[in-house]
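**Q** First the structure, which I've put down as structure tokens, then a few questions once you've had a look.
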Amino acid sequence: MKRKWIFILFLTLIAILLAGCGTTKNDTQEDVNGSDNDNGNEIVAGSIVPNISEGMPENKYHYVFSLKNNTTDVVTLNMNSSQYYDFHLKDNKGTVVYTYSDDKMFTQALEQKIIKPGDSLLMDLDLTEGLSTLEPGTYTVEAWSTANEAEDWMASTEVTWDGAKNEDSSAEEKLVVEEARVTYVGLQDLNSIEVTNEQNETVAMRLSETAKPFFDDLETGAKITVFYVVIDGQKVIQTATKD
């Protein structure tokens, strides 16, 4: 009889131990799932986040189009020309009334940009040229990447256009792409260069985002042809070629 009770007690003890192991296993699984939920803000592999934000206050109609690398890997973007992005403006009916690339020329060469994890590629959207041809009102700007790897990387925002500052100017006046042969002197800052014109005068010119790559490795004294528009009295280079 005593042996029988010892045997029953032994079986009961084993059952308790097995139940405890099962509980521990379930608790461990729940902790793992909880840990995943707690990390909801961590980097998600494979995600490039496009965004449009306002630029500097002094440049009212300049916006910044950015591509943020929300992945754990370095992302390499390849472009077939110096055009990194494109954008258009839509009116309140959804009609496209201006497309940035329609009257632009871009250097036909393979361009490459590398974005490290957590970093962003920033691109300047100058809306002045497009808006200057339109009536005052609210428009939607939609920008997208032209990289070969782009997967619908588009962002949009609304822009209120107050109209051209100089109301006395001709209604038919529009920005015109002009051409000039110059000699490259060097960079003034990240957005401007110095050149000498054919009269040997030193001239400062601003760079559009699409024009910047051309000047990355350009040597001082190089003879180049620049294609530019005049915005608020400044010559803004859209593209350039080497003579």
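**Q** Tell me, please, whether a residue that is buried (at least 18 other Cβ atoms within 10 Å of the Cβ) and either of a type in the set (S, T, N, Q) or not in a helix (DSSP H, G or I) (or both) can be found in the stretch 170-180.
**A** No, because not a single residue in the stretch 170-180 is buried (at least 18 other Cβ atoms within 10 Å of the Cβ) and either of a type in the set (S, T, N, Q) or not in a helix (DSSP H, G or I) (or both).
**Q** Looking for something crowded, with 20+ Cβ neighbours inside 10 Å and closer than 25 Å to Glu178 by Cβ - is there at least one such residue anywhere in the stretch 62-70?
**A** yes
**Q** Determine, yes or no, whether Asp217 is in the same structural domain as Leu122 (by TED's automatic domain parsing), farther than 21 Å from Asp126 by Cβ and out of contact with any strand residue (DSSP E or B) (no Cβ under 7 Å at 6 or more places or on another chain).
**A** No, not satisfied.
**Q** So, one more: Which condition number does Glu149 fail, the rest of (1) over 23 Å from Glu54 (Cβ atoms); (2) under 17 Å from the mean Cα position of the chain (by Cα); (3) at pLDDT 90 or above being met?
**A** Only one criterion in (1) over 23 Å from Glu54 (Cβ atoms); (2) under 17 Å from the mean Cα position of the chain (by Cα); (3) at pLDDT 90 or above is unmet by Glu149, namely (3).
**Q** Here's another thing I want to ask about it. Looking only at the stretch 192-203, filter to residues that are in contact (Cβ under 8 Å) with a residue 24 or more places away in the chain and out of contact with any helix residue (DSSP H, G or I) (no Cβ under 7 Å at 6 or more places or on another chain); which one of those is farthest from Ile224 (Cα to Cα)?
**A** Going through the qualifying residues, I end up with Val203.
The values are calculated or read from the model by the stated rules, or taken from the named source; none is laboratory data. Treat the numbers as computed from the prediction; the structure is a model and nothing was measured. Quick reminder, even Gly has a Cβ in these numbers, built from the backbone with ideal geometry, and neighbours come from all protein chains shown.
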